[in-house]
Amino acid sequence: MKPKVFVTRRIPDKGLKMLEDKVDLKVWEGEVGPNKERIIEEVAEIDGLISLLSDPIDREVLKAGENLKVVSNYAVGYDNIDVDAATKQGIYVTNTPGALTDTTADLAFALLMATARRIVEADKYTRDGNWKAWGPKLLLGQDMTNASLGIIGLGKIGQAMAKRSSGFDMDLYYYNRSSKPKVEEELNINRLSLDELLTTCDFISLHCPLTAETEGLIGERELKLMKENAILINTARGKVVDQDVLYQALKEGWIAGAGLDVFEREPIADDNPLLELDNVVVAPHIGSASFSAREKMAEMAAQNLLAGLEGRKPDNLVNEEALEN
């Protein structure tokens, strides 16, 4: 019998076609994914799962998967999965690193430019019929050329973000748990403490994973350290920033603006006060949303899944300790 596989959303066809002849495939067709209870029902019957970042694959879900061999996350992150619980059960957890590096960095820099030059605000201003005359002080924004960019989390995406600043002659700084001398030399980027980076930089872009150490990393103290003309970009995880305090900072002018692709709760609620502010540019978690990146992610997710089902070590195995269980 073919192994049974459940996919929690219809991923690009390239990935699904890789699975069709090799597994007994079931795909959730709804735009909104299955709730936790439905995932538990499905997991009880399957050998392999392809999940999205929005799917809660916690201890309870994993316990229901008596025959579950691999959880292939269609994302580079995997903070939606209880990796420790999976490892104890001998379940492989995989992700899709590299496939979305450039695409996410492109979006982060687009948010930086749009926020700095108030593009979304200007678009609305024009469409609403408010443009009656050209004025010397109309919609003034921040210059990017010769400004300073601080990157928090100098992984692959953080490095790609740094490279995109080269055409603007930016001064580059980073904060990272460990130093990266080779990358520092290649990118001409200098390491600072978190406080030094916050007080120094005109633009700050978050590219760190969500962990116990980074949750709430940017709170009231950190936002008050930033310059009044500073702009915060977040394409990492919403919970890295205290969202309530960020609203206060933006409303009261502690900082100039923010470009956000991620939020504490997703989708963001219609009545979230951040949506009332003109100095915030928002996007619905589309960091990896290019045709090529999403297709590559589907291919990698399928390859990871098949490797786990066939007893091979997946190329992108997150929990190598599971090999011992």
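Based on what the data block shows, is residue 245 surrounded by 18 or more Cβ atoms within 10 Å (Cβ to Cβ) and more than 23 Å from residue 54 (Cα to Cα)?
Values: surrounded by 18 or more Cβ atoms within 10 Å (Cβ to Cβ): yes; more than 23 Å from residue 54 (Cα to Cα): yes.
Yes, satisfied.
How about the range 221-236: which of its residues are open to solvent by 30 Å² or more (accessible area, probe 1.4 Å) and touching a Phe, Trp or Tyr at 6+ places or on another chain (Cβ under 9 Å)?
Once the filter is applied, which keeps residues that are open to solvent by 30 Å² or more (accessible area, probe 1.4 Å) and touching a Phe, Trp or Tyr at 6+ places or on another chain (Cβ under 9 Å), the range 221-236 yields 224, 228.
I'm checking my understanding of the structure. Among residues of the range 20-41 that are part of a loop (DSSP other than H, G, I, E, B) and of a type in the set (Asp, Glu), which one is modelled with the lowest pLDDT? Quick ask: steps written out before the conclusion?
Taking the range 20-41 and keeping what is part of a loop (DSSP other than H, G, I, E, B), we get 21-23, 28-35.
Imposing the further condition that a residue be of a type in the set (Asp, Glu) reduces the set to 21, 29, 31.
Numbers: 21: 96, 29: 97, 31: 91.
By that ranking, first place goes to 31.
Looking at 108, 99 in this structure, which one is within 21 Å of the chain's Cα centre (by Cα), assigned to a loop (DSSP other than H, G, I, E, B) and surrounded by 23 or more Cβ atoms within 10 Å (Cβ to Cβ)? Can you show your working first?
Working: 108 fails: assigned to a loop (DSSP other than H, G, I, E, B).
That would be 99, the only listed residue that is within 21 Å of the chain's Cα centre (by Cα), assigned to a loop (DSSP other than H, G, I, E, B) and surrounded by 23 or more Cβ atoms within 10 Å (Cβ to Cβ).
What pairs come out if I take residues in the range 106-135 that are farther than 17 Å from residue 203 by Cβ and pair them with residues that are assigned to a helix (DSSP H, G or I) and among the aromatic types (Phe, Trp, Tyr) whose C-beta lies under 7 Å away, six or more apart or interchain?
Pairs that qualify, where the first residue is farther than 17 Å from residue 203 by Cβ and the partner is assigned to a helix (DSSP H, G or I) and among the aromatic types (Phe, Trp, Tyr), are 131/125.
Does residue 250 qualify as being more than 21 Å from the chain's Cα centre (by Cα) and not in a loop (DSSP other than H, G, I, E, B)?
Taking the combined requirement at face value, the residue satisfies it.
Return the residues of the range 286-325 that are surrounded by fewer than 20 Cβ atoms within 10 Å (Cβ to Cβ) and within 26 Å of residue 122 (Cα to Cα); say none if nothing qualifies.
286, 289, 290
Name the residue that is nearest to residue 164 (Cα to Cα), counting only residues in the range 44-96 that are of a type in the set (D, E, K, R) and assigned to a loop (DSSP other than H, G, I, E, B). Explain how you work it out, then say what you get.
Going residue by residue through the range 44-96, those that are of a type in the set (D, E, K, R) are 45, 47, 55, 58-60, 63, 66, 69, 79, 82, 84, 88.
Right, trim to assigned to a loop (DSSP other than H, G, I, E, B) and you get 45, 47, 55, 58, 66, 69, 79, 82.
Details: 45: 46, 47: 42, 55: 32, 58: 37, 66: 46, 69: 40, 79: 27, 82: 34 Å.
The residue in question is 79.
Would you be able to say whether some residue in the range 253-265 is among the aromatic types (Phe, Trp, Tyr) and within 13 Å of the chain's Cα centre (by Cα)? Talk me through it step by step, then tell me what you get.
If we filter the range 253-265 for residues that are among the aromatic types (Phe, Trp, Tyr), which is where we start, we get 254, 263.
With within 13 Å of the chain's Cα centre (by Cα) added as a condition, the list becomes 263.
There is at least one residue in the range 253-265 that is among the aromatic types (Phe, Trp, Tyr) and within 13 Å of the chain's Cα centre (by Cα).
When the range 266-285 is examined, which residues are found to be open to solvent by less than 30 Å² (accessible area, probe 1.4 Å) and under 14 Å from the mean Cα position of the chain (by Cα)?
Answer for the range 266-285, where residues must be open to solvent by less than 30 Å² (accessible area, probe 1.4 Å) and under 14 Å from the mean Cα position of the chain (by Cα): just 283.
The values are calculated or read from the model by the stated rules, or taken from the named source; none is laboratory data. Quick caveat, the model's predicted, so the values are computed rather than measured. Note: ideal-geometry Cβ built from the backbone for every residue, glycine included; neighbour counts use all protein chains shown. Accessible surface areas use protein heavy atoms only, side chains included; no ligands, DNA or RNA. Shrake-Rupley method; radii C 1.70, N 1.55, O 1.52, S 1.80 Å.
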